[in-house]
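Here, each number is a calculation from the coordinates, and none is a lab measurement. None of these values were measured; they are calculated from a predicted model. Quick reminder, even Gly has a Cβ in these numbers, built from the backbone with ideal geometry, and neighbours come from all protein chains shown.
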Amino acid sequence: MKTKKFIPMALMMMFILFNYATVRSIKDGLVVTNIGPEAIGFLKMYFVLPSAMILMIVYAKLCNIMSPQKVFVTVTSAFIGFFVLFTFVLYPNPQLFHAAPETIEELAVAYPYVKWFIRVLGNWSYSLFYIVSEMWGSMMLTLLFWQFANQTTKTSEAKRFYSMFGLIGNVGLLFVGLAMAILLNENLHIVSKEVKLIPLLSLVIINSFIVLYLYKWVNNHVLTDPSLYDPSKIGPKKKKAKLSLVDSFKMIFTSRYLGLIAMLVFSYGVSINLVEGVWKSKVRELYNTTESYTAFMGTFQVYQGIAAIFFMLVGSNILRRVSWFTAAMFTPIMILITGVAFFSFIFFGSSVGLNIAAFFGTGPLALVVAIGTAQNVLSKGVKYSLFDSTKEMSYIPLDDEMKSKGKAAVDVIGGRLGKSGGGFIQSTLFTLMPTFTFVEATPYLSIIFFAIVILWICAVKMLGNEYDAKIAEVSSGK
């Protein structure tokens, strides 16, 4: 009987993750090839971050006036509405909605210090798709799905269900590569070459309707079955601690322990974004059309899904066998080693890189892209299995108030600044140095990257000492 609840919930996560990986690949393909990889930092900092804040305010308002079921349907329907509009109106007719490329470039040359804002706004439908695609992951997966799961799953079930949700959900990433390989195949002529992404975007729309159907099915057939859903056994829900930005800063700066956790979250977000920006610029050099870039990113999602599944399976064993400090060090060390390899091949591509590329029978650019791909895949695989687990473990020895309010503070400061920090660094550099592209900016970004990772390692060391002290204190009953 438990499968009646488990299977539709797992499928919901799989379809949500499939869409997430698909729109991530498409959004990068549209922005990187039509606007430029440098635009991503500006989008993340000045458009995605404010949009996320506005969306959270709107979501809070909806929760005050609607039932959870209506909120889920309303938000999902809004995403479907945008995807339909973009797929069949905006995407096929950019010449009707965008400024002429010549006009955009003339303005960019006339106003070099704001040229990336001009290019982002001039190609506004691609930029808007990028923003909405970022919101899909945070709203549909992080917020709505897990909120629904927490509302309907007993603690005894969660111990078995939640890890399997992750495993089955990541299978969706494997299907992304297959779908793109078929639908973006040059020999397949469902639509004209100029609108090659329409079948893939249509699949995203269909999957979104499937998510809605599964959600309604669970509500109609699972939550009405007393043997599967008993609110009294789920337990009363504690209100999530909500702190203002000022209160969050105050709590983190007055608690060394929380400050160190926030530093871990911040360091991961900034370091991975710095490498990712340079890597995507190299991917664009190798795959310079929207379709080929998107297809490559679909393959990347397959690798990421395989790595996530692998590290989820082995991560729990690592956590059981080593100390918190050793497990927590895996992520920064992995990012440092792969980051060194990636930047080294960029800097020495004209000498050492040529010889190594020749040995493997490929070109230096393809080798740099391959190393960057491996860096992203391995880093995110370790992040999902070990970084997230050790971060959550670090809250265990805290008292109840610090567990709730402290986590809220870290999510607000560490999470928000981590996601936008890399974008802020890149966009500031490109604004102050308007002639720079990623080619000229890479040496500066690599220095910042190494400094952040070293700071991260120091923070892990200090937090490990404090974590052990607090665990010993709790064990002794003090």
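Extents of region 1-237, largest first, come to 67, 43, 26 Å (Cα atoms, principal axes, whole angstrom).
Couplings 3J(HN,Hα) of region 183-199, computed from phi: 6, 9, 4, 5, 8, 9, 10, 5, 10, 5, 4, 5, 10, 4, 7, 4, x Hz, in residue order, whole Hz [Karplus 6.51 cos²θ - 1.76 cosθ + 1.60, θ = phi - 60°; x for Gly and Pro]. Each Lys and Arg Cβ is given +1 and each Asp and Glu Cβ -1; about its Cα centre, the chain then shows a dipole of about 1580 debye. Projected label points at Ile396 and Thr142, each 7 Å from Cα along the beta carbon direction, are separated by 2.5 nanometres. Each residue of region 166-178 was assigned a 3J(HN,Hα) from its phi angle through the Karplus curve 6.51 cos²θ - 1.76 cosθ + 1.60 (θ = phi - 60°); the sequence is x, 5, 5, x, 6, 4, x, 5, 5, 6, 4, x, 5 Hz, with glycine and proline shown as x.
Once both labels are positioned 7 Å from their Cα atoms along Cα-to-Cβ, the gap between Ile206 and Val109 label points is 4.6 nm. Report note on the peptides 258-265, 131-138, 54-61, 79-86: ranked by the mean count of other C-beta atoms within 10 Å, highest first, their order is 258-265, 131-138, 79-86, 54-61. Inter-label distance, Met53 to Ser77: 3.0 nm, where each label sits 7 Å from its Cα along the C-beta direction. In this structure, the residue pairs whose Cα-Cα separation is over 30 Å, taken from Lys115/Lys282; Lys250/Lys391; Lys250/Lys282; Lys44/Lys383, are Lys250/Lys282. Along the charge dipole of the chain, pointing to its positive end and built from +1/-1 on Cβ of Lys, Arg, Asp and Glu, which listed residue (Ile272, Phe165, Ala149) has its Cα farthest out? Going by the Cα projections, it comes out as Ala149.
Taking θ as phi - 60° and the Karplus parameters 6.51, -1.76 and 1.60, the scalar couplings of region 203-220 work out to 5, 4, 5, 4, 4, 5, 5, 5, 4, 4, 4, 4, 4, 5, 5, 4, 5, 7 Hz in sequence order, x denoting glycine and proline. Could you tell me the relative contact order of the chain? Use alpha-carbon pairs under 8 Å, at least six residues apart, and round to a whole percent. About 28 percent, as a whole number. Think of the chain as a dipole: +1 on every Lys or Arg Cβ, -1 on every Asp or Glu Cβ, centred on the Cα centre; then among Phe430, Asn19, Leu313, Leu313 lies furthest on the positive end.
Distance between the C-alpha centres of region 9-62 and region 378-398: 23 Å, rounded to the whole angstrom.
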